[in-house]
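These notes concern the structure reproduced below.
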Amino acid sequence: MSRKILVFDTTLRDGEQVPGAKLNLYEKLEIAYQLKKLGVDIIEAGFPASSDGDFHAVQEIAKCVGNTDTVMITALARAVEADIDAVYNSIKYAEKPLIHIVLGTSNIHVEKKFGKSKNQILNLGVEAVKYAKTLLPDVQYSTEDASRSDFEYLWATIEAVVRAGATMINVPDTVGYADPEEFGHLIYKLNDRLKNLNDTVILSVHCHNDLGMATANTLAAIKNGADKVECTMNGIGERAGNAALEEVIMALHTRSSFYNAHTNIHTREIMNTSKLVSSLMGLDVQVNKAITGDNAFAHSSGIHQDGLLKSREAYEIISPTEVGLDDMELVLTARSGRHAVKNAIRKLGFTQLTDRRFEDLFVDFLTLADTKKEVYNHDLYAIVENYYTRHAIHPQGIGPYSGRFYELVDLQVVSNTSFPSASVEIKKGNQTFKSSAVGSGPIDALYSCIAEIIELDVKLLEYKISSVSRGKEALGKVKLQVEFQGEKYIAKATDTDVIKASALAYLNAVNSIIVNYAPSV
């Protein structure tokens, strides 16, 4: 029978400890609502004793998000009464409140951090749990730096706090020191003893990623009896971060027969949650990040594209729709093979190409791909129609659509604090259009200009800019997502001028819409 694993999300506590990731009250509430929608069992909303702002944020989350019994709300306390009081007074409004106490158990923490004896630290933990139990029935005790602790002392601490009333025991790999085999063995031994001591107590793990093994250690713990995992969205957190919620969840989901475990997570909300956390915290997700990275479901290699077109199982173990994406992305680049390019051209309606003509077109494709880096459907239209024009070929029922695509001719953008403005010149076939506009910022002004020319009701959903090289000649990459008539389009562009890249990306998106709706738009 598959075991239910509880998911404890600490994005709003451990995740917010990342430098520069400070959230205001409304941003914390928005993320907490989304975490509830995602289906996490426990939300660690903050560290109330750290500031008045954090106290009030935890309090509001407890009142607004924790107002049902579908999610438990907790916050962190050190093993002192003032901290425990702060947690209690902030989370008591939730339907299911939990006090979370943390105290170190390794020699480094006991002797060097606290400067006390092991017995003194153990007694502090016991007294903290006893006090917390006078306030609430559910108390979690975290044995900080457990993976570097003497096992018998670690167990003595766990045994003592369980007898004092702790209902959850959390075993952290605080500095990411553990190895999966080693950590799994530790959890196995603790689980065996804990179930004999009190089989109602929940055994939990909290793994950090300093050696890149947080997810592996978490999964090893589940395999060896852990009932609960502590994670963050996108793996954010102290130093190298925490176990990434999306990685742990999709590993359990994809390899369910191996782990024989499941969660209540609604996987189709993973991408929405990832994007919200990334946006509000200002922390970009690395492009090759498992599950939530931009390239996680994008394929540009010709070998991979060929295999996917023959059978998606060849290179895809997770369907993009399972995590909330529309589909995989076959990116046409100079590395794309003939099969992918021919498939893309046929989807555009050019189905009568002979092998000889396709080989000629493929040469044109590679020439453009070397220049443009990524080739879009409207580019393929232009390649094919230019080929037809050169060879005086007039196929029935095809185009010409390339004359409907927009091309950037020139732009000028003025950025200042009072009157940001932009002017653009854009070609469409043999026509040239010019427009000027003001906006709340330079990009808003630029996109207002383009919108005035194209006259399509395009809604910008996401805009992201990043650097893809270094130095003064660094390339800026703009990625955006737009919506038109209920359908979403993703487009990108790269240039040393990020304003120009922004315009090119927007026009790439518009031209993709035209490909889908031509000749109706």
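What percentage of the solvent-accessible surface of the chain, computed with a 1.4 Å probe over protein heavy atoms, is contributed by carbon and sulfur atoms? Working shown, then result.
Details: 11500 of 23790 Å².
Accessible surface attributable to carbon and sulfur in the chain totals 48 percent.
Sort the following peptides by mean Cβ neighbour count (other Cβ atoms within 10 Å, averaged over residues), highest first: 141-151, 240-250. Present the calculation step by step, with values, prior to reporting the outcome.
Values: 141-151: 21.7, 240-250: 25.2.
Top to bottom by mean Cβ count within 10 Å: 240-250, 141-151.
Mind jotting down a quarter of the surface of the convex hull over the alpha carbons of segment 40-99, in square nanometres, one decimal? Write out the running numbers ahead of the final one.
Details: hull surface 13.3 nm².
One quarter of the hull surface, i.e. the mean projection, equals 3.3 nm².
At 1.4 Å probe size, with no ligands or nucleic acids counted, give the accessible surface of Thr432 in Å², nearest ten.
Accessible area, nearest 10 Å²: 80 Å².
Lysine pairs, Cα distance under 15 Å, 8 or more residues apart or cross-chain: how many in segment 1-129?
Working: Lys28/Lys36; Lys28/Lys37; Lys28/Lys63; Lys36/Lys63; Lys36/Lys96; Lys63/Lys92; Lys63/Lys96.
Lysine pair count for segment 1-129: 7.
With a cut-off of 8 Å between alpha carbons and a minimum separation of six or more residues, what is the relative contact order of the chain in percent?
Values: 1015 pairs, mean separation 46.4, N = 521.
This gives 9 percent for the chain.
Counting other Cβ atoms within 10 Å of each Cβ, which GluC sites (Glu not before Pro) in segment 59-121 have at most 14 and sit in a DSSP loop? All intermediate terms of the calculation are to be shown ahead of the outcome.
Values: sites: Glu60, Glu81, Glu95, Glu111; in loops: Glu95.
Here the sparse-neighbourhood loop sites are Glu95.
Using the Cα centre of the chain as origin and beta-carbon charges of +1 (Lys, Arg) and -1 (Asp, Glu), tell me which of Val162, Val129, Ile5 is placed farthest towards the positive end of the dipole.
The Cα lying farthest towards the positive end belongs to Ile5.
How many nm is it between the label spots at Thr432 and Val363, if each spot is 7 Å from the Cα in line with the beta carbon?
Between Thr432 and Val363, the label points sit 3.3 nm apart.
Treating only the Cα positions of segment 135-254 as identical point scatterers, give the base-10 log of I(q)/I(0) from the Debye formula at each q in 0.09, 0.17 Å⁻¹.
-0.22, -0.78
Sorted by accessible area with a 1.4 angstrom probe, largest first, how do Asp294, Asp410 fall? Before the final figure, lay out the partial values.
Values: Asp294 45, Asp410 90 Å².
Listed by decreasing accessible area, they come as Asp410, Asp294.
For the chain, what is the charge dipole size about the Cα centre, in debye to the nearest 20, if Lys and Arg each add +1 at the Cβ and Asp and Glu each add -1 at the Cβ? Please list the in-between numbers first.
Values: 54 positive and 66 negative charges, 130 e Å.
Dipole magnitude for the chain comes out near 620 debye.
If DNA, RNA and ligands are ignored and the probe is 1.4 Å, what is the ranking of Leu280, Leu252 by accessible area, most exposed first?
Details: Leu280 40, Leu252 5 Å².
From most exposed to least exposed: Leu280, Leu252.
Roughly speaking, what is the stretch gain from Leu135 to Glu462, that is 0.36 nm per residue apart minus the C-alpha to C-alpha distance, in nm to one decimal? Don't skip to the end; give the middle numbers.
Values: separation 327, 0.36 × 327 = 117.72 nm, distance 4.48 nm.
Length gained between Leu135 and Glu462: 113.2 nm.
Within the set of other residues whose C-beta is less than 12 Å from the C-beta of Ala422, count the net charge using Lys and Arg as +1 and Asp and Glu as -1. All intermediate terms of the calculation are to be shown ahead of the outcome.
Details: positive: Lys434, Lys500; negative: Asp410, Glu425, Asp444, Glu452.
Summing Lys/Arg as +1 and Asp/Glu as -1 gives -2.
To the nearest 500 deg cm²/dmol, what mean residue ellipticity at 222 nm is calculated for the chain from DSSP H runs of n ≥ 4 alone, each contributing -39,500 (n - 2.57), summed and divided by the residues? Walk me through the numbers before you get to the answer.
Details: 16 runs with 206 residues, N = 521.
Taken over the chain, the calculation gives -12500 deg cm²/dmol.
To the nearest Å, what is the center-to-center distance of segment 242-275 and segment 1-25, using C-alpha atoms only?
Rounded to whole Å, the Cα centres lie 14 Å apart.
Taking the solvent-accessible surface of protein heavy atoms with a 1.4 Å probe, what is the per residue accessible area of the chain in Å²? Don't skip to the answer; put the middle values down first.
On the way: 23790 Å² over 521 residues.
Result: 46 Å² per residue.
For Lys113, what accessible surface area do you get with a 1.4 Å probe? Give it in Å², rounded to 10.
About 110 Å², rounded to the nearest 10.
Might you work out the accessible area of Thr263 for me, using a 1.4 Å probe with all protein chains in place, and round it to the nearest 10 Å²?
Taking all protein chains as shown, Thr263 has close to 30 Å².
Summing +1 for each Lys or Arg and -1 for each Asp or Glu, what net charge is found among the other residues whose Cβ lies under 12 Å from the Cβ of His185?
Details: positive: Lys189, Lys223; negative: Asp179, Glu181, Glu182, Asp192.
It works out to a net charge of -2.
How much space per residue, in cubic angstrom, does the convex hull of the C-alpha atoms of segment 1-75 take up?
Details: hull volume 6.8 nm³, N = 75.
Hull volume normalised by residue count: 90 Å³.
The values are calculated or read from the model by the stated rules, or taken from the named source; none is laboratory data. The model shown is predicted, which means the values in this text are computed figures rather than measured ones. When we count neighbours, we look across all protein chains shown, and the Cβ atoms used for this are built from the backbone with ideal geometry, even at glycine. For accessibility, only protein heavy atoms count, side chains too; no ligands or nucleic acids. Shrake-Rupley method; radii C 1.70, N 1.55, O 1.52, S 1.80 Å.
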